[in-house]
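Nothing in this text is a laboratory measurement; each read-out follows from the coordinates by a stated rule. Predicted model, so just to flag it, every value in this text is computed and none were measured. Here the Cβ is made from the backbone with ideal geometry for all residues, glycine too, and neighbour counts use every protein chain on show.
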Amino acid sequence: MDQRDELIERVLTAHEQSARVLLSEDLSDLFDATLTMQQIKLMVVLRRDGPTSGHELADRLAVSTPTVSGIVDRLAERGMLERRTDDRDRRVRLVALTTTGEQLVASVHEAGWRIGREVMDRMELADLRALAQGLAALAHAAQCRAQDSPGR
């Protein structure tokens, strides 16, 4: 194993260890316990991408259109999502977050940021600088990979 491979292993191992510790905490303020992971993923996609057709959601989540339809039905019944007609093509039905759904996704995001701050507040300044530099490099590499492999 060369030096690059060793460092990659160390980074991935450290990431896994920190994720394991963080996920063992009480995350009840992060997630509404009555939502499934698929429901949360769908809502996060809608927050990121805005109103989206069921077919597009199925593609993005790598599930069938009937699966998406069932998820949307359950979330719409709870007031988290709504179906609406696409203004550009009246034949297309879009799925969008309601204000309630938007607030739930925002609260999950804010709780994640809060926990991240609490963890990083415990780090030495030099380590925090190194982490910031490393994560900036990771983000750049991820963007380059996405540009090299569109649709991945």
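Results, tabulated for the structure shown:
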item	result
The chain, dipole about Cα centre (Lys/Arg Cβ +1, Asp/Glu Cβ -1), debye to the nearest 20	600 debye
Cα-only Debye scattering, the chain: base-10 log of I(q)/I(0) at q = 0.12, 0.13, 0.16, 0.21 Å⁻¹	-0.72, -0.82, -1.08, -1.32
Acute angle (nearest 10 degrees) that the helix 3-23 long axis makes with the longest principal axis of the chain, alpha-carbon atoms	60 degrees
Cβ-based charge dipole, the chain, positive-most Cα from Ala19, Val105, Ala58	Ala58
Angle between the chain longest axis and helix 125-148 axis [Cα atoms, degrees, rounded to 10]	50 degrees
Listed residue (Ser69, Met43, Ile8) projecting farthest to the positive dipole end of the chain, Cβ model	Ser69
222 nm mean residue ellipticity, helices alone, for the chain (DSSP H n ≥ 4; -39,500 (n - 2.57); rounded to 500)	-22000 deg cm²/dmol
Nearest 10 degrees, 0 to 90: helix 65-77 Cα axis against the chain principal axis	80 degrees
